[in-house]
1. Which residue is most open to solvent (accessible area, probe 1.4 Å), if the candidates are limited to the range 21-51 and must be away from the ligand (no atom under 16 Å from the Cβ) and over 20 Å from residue 118 (Cα atoms)?
2. Has the range 209-232 got any residue that is among the aliphatic types (A, V, I, L, M), outside the structural domain of residue 152 (by TED's automatic domain parsing), over 22 Å from residue 33 (Cβ atoms) and loosely packed, with under 12 Cβ neighbours inside 10 Å?
3. Kindly check whether there is at least one residue in the range 239-255 that is over 27 Å from residue 33 (Cβ atoms), more than 16 Å from the ligand (Cβ to nearest atom), in contact with a His (Cβ under 8 Å, 6 or more places away or on another chain) and of a type in the set (Ser, Thr, Tyr).
4. Restricting attention to the range 187-194, does a residue exist that is of a type outside the set (S, T, N, Q), surrounded by fewer than 17 Cβ atoms within 10 Å (Cβ to Cβ) and assigned to a strand (DSSP E or B)?
5. Looking at the range 11-39, I want the residues that are within 30 Å of residue 63 (Cα to Cα) and have a partner that is more than 9 Å from the ligand (Cβ to nearest atom) and assigned to a loop (DSSP other than H, G, I, E, B) with Cβ atoms under 6 Å, at least 6 apart or on another chain. Which pairs are those?
6. Is it the case that the range 271-279 has a residue that's within 16 Å of the ligand (Cβ to nearest atom), in a loop (DSSP other than H, G, I, E, B) and of a type outside the set (S, T, N, Q)?
7. Among the residues of the range 225-238, which ones are near the ligand (Cβ under 10 Å from one of its atoms) and either touching a Leu at 6+ places or on another chain (Cβ under 8 Å) or more than 30 Å from residue 200 (Cβ to Cβ) (or both)?
8. Those residues that are part of a loop (DSSP other than H, G, I, E, B) and open to solvent by 20 Å² or more (accessible area, probe 1.4 Å), I need them from the range 95-117; list them, please.
Amino acid sequence: MYNSKITGLGYYVPENVVTNDDLAKVIDTNDEWIQERTGIKERRHVVKGDGDTTTTMGVKAAKIAIERSGLDKDDIDFVVFATLSPDYYFPGPGVLVQRELGLKTVGALDVRNQCSGFIYALSVADQFIKTGMYKNVLVIGSELHSTGLDMTTRGRGVSVIFGDGAGAAVLSREEDTTKGILSTHLHSEGEHAEELSLVAPGMGRRWVTDILADDDPEDTSYYPYMNGQFVFKNAVVRFSEVIMEGLQTNKLSPDDIDMLVPHQANLRISQFIQKKFKLTDDQVFNNIMRYGNTTAASIPIALTEAWEQGKIKKGDIVVLAAFGSGFTWGSAIIKW
Ligand code: UT7
């Protein structure tokens, strides 16, 4: 048995900054409401025609991660791609990354676990490395939300939250099993699947010919839906549970956390968790203020920034945790 460790990190966000005031020009909202309820000041949105897609952003992040890992692209044995906003309905972006990066005919897997997508993807990659099947796995989380949001007042509860961007990590074999990813913990509760969902397009709903024939302006099923307060209440409980589960598995306590990188869902959720575990500002990394919620990309973007800023050092206990649509949630405990 081996462990896996993160040997390279990278992220990419579109250049176009969209402030809360920018949104207030098209939606009945305001900077004060958004900052007070979510902590978000601005986010990035792709610009029509600039060529950024979920795949291309993921590729840009991946190139940086691979370069920083010191590996050659031909050393990558497998790709795991997490997103809720794939370029195509099928095939998923995993194979598009294989093509764009010119990787050998390695396997490419797509993960559909929304805000928990990166933790799920990391866990899958970790298992492949632990068993000895692969040595180096590229894990990507990338999202393009802005093209699919309801940018009218009707959609304001959701549309002000999400942003575009991508993050990537290279996971490599670690012979010392006291280092690297110590454990991952994954959960789901499908009972609440529709509480945070985008139900169309979905083959289970309607015949495609009916959808095409139906030009109903009131049909909101193509926009994401979120029962915000219900999601919030579940999030704080599940975040706490799954962080504790990870710590206990490794005989650690909250005091041992050097850096918690939570999925950037809402600054209020991060602050709740920080308070619950009695962590200082230096022990929790947040960047939702600048990028909004980038779902599967949020953890790898935040982890990369924390690392770039020197906030994660060798030997640190780093905890990743996420909760989101599904519901799905998870954590990863890492000894850096
Ligand atoms: O990443 C996956 C996991 N996601 C989450 O964990 C998100 C969890 N939920 C949340 O973060 C919060 O529920 C939201 C930020 C989405 C919403 O905050 P809230 O405090 O739960 O607000 P609310 O939905 O209860 O809405 C309160 C009021 C409503 O007006 P009335 O009915 O009280 O008159 C909304 O219509 O705020 C109104 N509102 C807005 N006002 C200005 C909703 N969205 C907006 C907006 N600007 N963008």
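1. Step one: list which residues in the range 21-51 are away from the ligand (no atom under 16 Å from the Cβ), which gives 44, 46-51.
Checking the rest, the ones that are also over 20 Å from residue 118 (Cα atoms) come to 46-51.
Numbers: 46: 23, 47: 71, 48: 201, 49: 84, 50: 75, 51: 49 Å².
Taking the candidates together, the pick is 48.
2. The first filter runs over the range 209-232 and keeps only residues among the aliphatic types (A, V, I, L, M), leaving 211-213, 226, 231.
Filter once more, so that each one left must be outside the structural domain of residue 152 (by TED's automatic domain parsing): 211-213, 226, 231.
Of the ones still in play, those that are also over 22 Å from residue 33 (Cβ atoms) are 211-213.
Restricting the remaining residues to those that are loosely packed, with under 12 Cβ neighbours inside 10 Å gives 212-213.
Yes: the range 209-232 contains one or more residues that are among the aliphatic types (A, V, I, L, M), outside the structural domain of residue 152 (by TED's automatic domain parsing), over 22 Å from residue 33 (Cβ atoms) and loosely packed, with under 12 Cβ neighbours inside 10 Å.
3. The initial filter retains those residues of the range 239-255 that are over 27 Å from residue 33 (Cβ atoms), namely 241-255.
Next, only the ones that are more than 16 Å from the ligand (Cβ to nearest atom) stay: 244-255.
Filter once more, keeping what is in contact with a His (Cβ under 8 Å, 6 or more places away or on another chain): 245-246, 249.
After this cut, where a residue has to be of a type in the set (Ser, Thr, Tyr) as well, the list is 249.
Yes, some residue in the range 239-255 is over 27 Å from residue 33 (Cβ atoms), more than 16 Å from the ligand (Cβ to nearest atom), in contact with a His (Cβ under 8 Å, 6 or more places away or on another chain) and of a type in the set (Ser, Thr, Tyr).
4. yes
5. Pairs found: 14/46; 14/52; 14/164; 16/45; 16/47; 18/45.
6. Here is the first cut: in the range 271-279, the residues within 16 Å of the ligand (Cβ to nearest atom) are 271-274, 276.
Adding the requirement that they be in a loop (DSSP other than H, G, I, E, B) leaves none.
No, the range 271-279 has no match at all.
7. Matches in the range 225-238: 226, 227, 231.
8. Start the filter on the range 95-117 by keeping residues that are part of a loop (DSSP other than H, G, I, E, B), which leaves 101-106, 112-113.
Selection gives 102, 104, 105, 106, 112, 113.
The values are calculated or read from the model by the stated rules, or taken from the named source; none is laboratory data. The structure displayed is predicted, hence computed values, not measured ones. Don't worry about glycine lacking a Cβ; one is built from the backbone with ideal geometry, like all the others, and counts go over all protein chains shown. Only protein heavy atoms, including side chains, enter the accessible area calculation; ligands, DNA and RNA are left aside. Shrake-Rupley method; radii C 1.70, N 1.55, O 1.52, S 1.80 Å.
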